[in-house]
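The values are calculated or read from the model by the stated rules, or taken from the named source; none is laboratory data. Quantities reported herein were computed from a predicted structural model and do not represent experimental measurements. With ideal geometry, Cβ positions are generated from the backbone for all residues, glycine too; neighbour counts draw on all protein chains shown. Only protein heavy atoms, including side chains, enter the accessible area calculation; ligands, DNA and RNA are left aside. Shrake-Rupley method; radii C 1.70, N 1.55, O 1.52, S 1.80 Å.
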Amino acid sequence: MIEFVLNGNKVVSSSPSGLRLLDVIREEFGFTGTKEGCSEGECGACSVLVDGKLFDSCLVALGSIAGKEIITIEGFKKLRPERFNMISDSYAKSGAVQCGICIPGMVMATEALLSANPKPTEEEIRTGLSGNLCRCTGYNMIVDAVKMASKEGEGLW
Ligand code: FES
Ligand code: FES
């Protein structure tokens, strides 16, 4: 049994400790906003926050997160709605969402970036999102969205 905090609630998982966090949050707890892309730490579609830091949940074993706080895209929306809405509106206004598969991970990476650096330069944005791949947008519209969230959301981070 592994205890941790998931999206603000204390939970206990009965899954094997070697199971991927990605599978636990999607299948045991039903938070399917976290997506599976490459399954090997390359695409960032499975990004979640672990004690406030960005992690690829496909590379994290359940046993390693005992006592930690995990936030998925659903928890981000619930726990920090102003930041969530600022980022999601900025993505929408910038045309940064196409097929959408990368977006939950991009949003979590954006939250991690702006939490650490509320006014990133373009280069810092590109570096901050470099672990998240998008097949559709060519990235420029995503970078614009992060710039917009940073500017219009001044004071939220
Ligand atoms: S599914 Fe985890 S990094 Fe791609
Ligand atoms: S919007 Fe399709 S992969 Fe990013």
Exercise. Got a sec? Which of Glu122, Glu36 is within 16 Å of ligand 2 (Cβ to nearest atom) and acidic (Asp, Glu)?
Worked result: Glu36
Problem set entry | Residue count, segment 92-135 (criterion: under 20 Å from Cys46 (Cβ atoms), open to solvent by 50 Å² or more (accessible area, probe 1.4 Å) and assigned to a loop (DSSP other than H, G, I, E, B)) | 7
Exercise. When Lys147 is evaluated against the numbered criteria (1) of a type outside the set (A, V, I, L, M, F, W, C); (2) within 16 Å of ligand 2 (Cβ to nearest atom); (3) open to solvent by 50 Å² or more (accessible area, probe 1.4 Å), which criterion, by number, is the only one it fails?
Worked result: (2)
Exercise. Would it be correct to say that Phe76 is free of Cβ contacts under 8 Å to residues at least 60 places away in the same chain, part of a helix (DSSP H, G or I), closer than 30 Å to Gly18 by Cβ and open to solvent by less than 50 Å² (accessible area, probe 1.4 Å)?
Worked result: yes
Seminar exercise, completed: Here the residues within segment 18-38 that are assigned to a loop (DSSP other than H, G, I, E, B) and hydrophobic (A, V, I, L, M, F, W, C) are Leu19, Phe29, Phe31, Cys38
Exercise. For Gly41, are the conditions met, namely being assigned to a loop (DSSP other than H, G, I, E, B) and farther than 17 Å from Gly128 by Cα?
Worked result: no
Problem set entry | Failed condition for Glu42, given (1) touching an Asp or Glu at 6+ places or on another chain (Cβ under 8 Å); (2) within 16 Å of ligand 1 (Cβ to nearest atom); (3) charged (D, E, K, R) | (1)
Problem set entry | Given (1) closer than 20 Å to Gly37 by Cβ; (2) open to solvent by 50 Å² or more (accessible area, probe 1.4 Å), number of the condition Glu152 does not satisfy | (1)
Seminar exercise, completed: Exception for Leu54 within (1) of a type in the set (A, V, I, L, M); (2) assigned to a helix (DSSP H, G or I); (3) open to solvent by 20 Å² or more (accessible area, probe 1.4 Å) falls at (2)
For this session: Name the residue, out of Thr110, Thr32, that is modelled with pLDDT of 95 or more, more than 24 Å from Glu152 (Cβ to Cβ) and under 14 Å from the mean Cα position of the chain (by Cα).
Result: Thr32
